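Just so it is clear, none of the values below were taken in a lab; they were calculated from the coordinates. This is a predicted model, so every value here is computed, not measured. Cβ sites come from the backbone with ideal geometry, for glycine too, and all protein chains shown count toward neighbours.
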Amino acid sequence: MTFLCHAALADYWTQKSSYPGNGRSRAFCFSIDDKGYFGCGDYVGYASDLWAYDTTSNTWTQKAAFGGGGRWSGVSFSVGGYGFAGLGWSGTMMDDIWKYDPVANSWMQMNNFPAGQRQVPTSFTIGAKAYIATGRNFSNVFQNDLWEYEPVSDVWTQVASLPGTTRSQPFAFAIDTIGYVGGGFDQALNGLNDFYAYDPSSNTWTVKASLPAAGRGDPVGFSIGCRGYAGTGQTLPVNNVLNDFWEYNPATNQWTAKASFAGTARDEAAFFVIGGKGYLGLGGVNGGSLTNDFWEYTPDTTCINTMPLASFSASNHICPGTCTDFTNLSSNGTSFLWIFNGANPGTSTDINPTTICYNTPGNYPVTLIATNASGSDTLTLNNYMTVYPYPAPQGIMQSSDTLFANAGAVGYQWYYNGTLIPGATNYFYVFINDGDYNLVATDANGCEVEAVIFDVINPLSAPEISGRNPFVIFPNPVTDKLTIQLLQPGQDLEISLFNMLGEKVPAFFDRDKKTFDCRFLSPGIYMLELSAEKIKYRTTFIHTSHNSNQ
């Protein structure tokens, strides 16, 4: 990725509205879109409150308390429009992880950290994944392991451990697709200043230039565009808190001293980044007084690494049980996370996901998170996907030589033994051949439903006269009069009429004209039966509403 950088009249700190909770150290901290969050921490007790900072109004708003109860010295980060926090100390060491939803203002517990109880680790995020490194376990053994967390699937994977000594309380940040970890305390509580880069694509670490300052633990670390920043913290074994502040350039692998933190020197501070500026507050002073002041850092190097802009399109009105493809229209994104509520699959990291299937009618949101080195842009379109209601169920009923489906669909198509029957597009079908028949009915939304009937036998395959049935009827459907044409005139036939319930229907038959007067019949389907020499012949016809103008 190409960065354009220029110097500006900046590199300064500005004090902002103080954190409204009690002064504290080792708090959770993360940012989501244009809001920053501080929560929990140590203030001679285990705090559980959570507050959101609005950079536009310079105000704090209290939010839902942390779902895991009061604690300090845990881990926190944000991915995909959610905040995550957990681990730490709450009278005992913890291994739980919780997700914060800023829209619902609620917490939900996720899968526990698989390495067990842990406090004072560090973390960084790359794209749609978070990484937790180092810290100390319940036996106070310092660690150098690294764990990758995929929040959507809630899955942890151990990856390559940090080189060098085990440590706790280091700093970390990510620039573009590379994570960085440095500093901290070793097992003997000596301050460290070594520095390493992690590449998740190769699962490898590379030694980088050490921080050119005193080794330390509990510093802050964050990135703004194409630069990383680290500062403050505590030296050991001589207990001394710091206020120096440093900028790291990955292109040159060099550190540069920047304007020292303008507040009181401290360690165990909280921080986040919004809109190209860093924010730092809280913390302790020489292990004694706890602070609640809050500061904004404006860097003097602006990396014009354009923020991504998420956008997408899809065929978004579909039938239940069908699938659709999504087209990514985002700008400046290098990685993508899709969330498809109600679909299978429910997530994707493809640029243009295909075959996203919805089985249940309803309206569903779609979220796309586009990410690059400058940050992320989250686009959620509520009710974007419309999955139409199920079409009306269909069934096939046989009545003599006619198959009937349920009326009311917009379109019908009949098939015989799996082959389309041309012109068979009504809700009924008069069949000749025995076999299997199926019907595809289409509703007003274009959604299809199928019905099938197997091993159909035509009951009118009675003996024929001169190779043909002894009569034909017309017109069919009929409105007024139905004509019966005998193929062998003079044959003595008994003629009867039945409805679809099998009930004999009174009807006037003009033997001279060979017609039935149907004007007084209710609209519907009728069966005409002709009997001759103990053989019965049947066929069906449809009577439609009488037109009074005829």
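Remarks
- Annotation: amide H-H contacts under 5 Å for Phe30 (H modelled 1.01 Å from N, sequence separation of 5 or more, or interchain): Tyr37.
- Normalised by 2.2 N^0.38 Å, where N is the number of residues, the C-alpha radius of gyration of region 397-456 stands at 1.04.
- Across all directions, the average flat footprint of the convex hull enclosing the Cα atoms of region 220-314 is 8.5 nm².
- Derived scalar couplings between HN and Hα for region 200-216 equal x, 5, 10, 6, 10, 10, 10, 6, 10, 4, 5, 4, x, 7, 4, x, 7 Hz in order, rounded to whole Hz, by the Karplus curve 6.51 cos²θ - 1.76 cosθ + 1.60 (θ = phi - 60°), x for Gly and Pro.
- Per-residue extension of 0.36 nm, minus the Cα-Cα distance of Asp455 and Val141, leaves a gain of 105.5 nm for this segment.
- Amide hydrogen proximity for Val430: with H placed 1.01 Å from N in the peptide plane, the residues at 5 or more positions away or on another chain lying under 5 Å are Leu403.
- Exposed loop positions in the chain were taken to be GluC sites (Glu not before Pro) whose DSSP state is not H, G, I, E or B and which have at most 14 other beta-carbon atoms within 10 angstrom. Between these positions, the longest stretch is 1-463.
- Region 419-428 - phi-based ³J(HN,Hα) in whole Hz, Karplus 6.51/-1.76/1.60, Gly and Pro as x: 10, 4, 9, x, x, 8, 10, 9, 7, 10
- Radius ratio Rg over Rh of region 234-386, counting only Cα atoms, Kirkwood formula for Rh: 1.19
- Its convex hull of Cα atoms gives the chain a direction-averaged projected area, equal to a quarter of the hull surface, of 37.2 nm².
- Reduced Cα scattering model of region 49-173, Debye log10 I(q)/I(0), q = 0.12 Å⁻¹: -0.45
- Charge tally in the Cβ shell below 13 Å around Met110, where Lys, Arg are +1 and Asp, Glu are -1, Met110 excluded: -4
- Gly411 long-range amide H proximity, modeled H, under 5 Å: Thr442
- Taking the chain as the region of interest, the number of lysine pairs whose Cα atoms are within less than 13 Å, with members eight or more places apart or on different chains, is 5.
- Its Cα gyration tensor gives region 148-231 an equivalent ellipsoid. The semi-axes, each the square root of 5 times an eigenvalue, are 22, 16, 12 Å from largest down.
- For region 312-387, the Kirkwood hydrodynamic radius from C-alpha pairs, put into Stokes-Einstein at 25 °C and a viscosity of 0.890 mPa s, yields a diffusion coefficient of 198 µm² per second.
- For the chain, the relative contact order works out to 9 percent when only alpha carbon pairs closer than 8 Å and six or more residues apart are counted.
- Using the Karplus relation 6.51 cos²θ - 1.76 cosθ + 1.60 with θ = phi - 60°, the per-residue 3J(HN,Hα) values for region 99-111 come to 10, 9, 9, x, 6, 7, 6, 8, 10, 9, 6, 10, 4 Hz, with x marking Gly and Pro.
- Counting neighbouring Cβ atoms within 10 Å and putting the fewest first, the residues His317, His543 line up as His317, His543.
- The fewest-to-most ranking of Lys513, Lys129 by surrounding Cβ atoms within 10 Å reads Lys513, Lys129.
- For region 8-303, the percent of C-alpha pairs falling in each 10 Å distance bin, counted from 0 to the bin holding the largest distance, reads 7, 32, 40, 20, 1.
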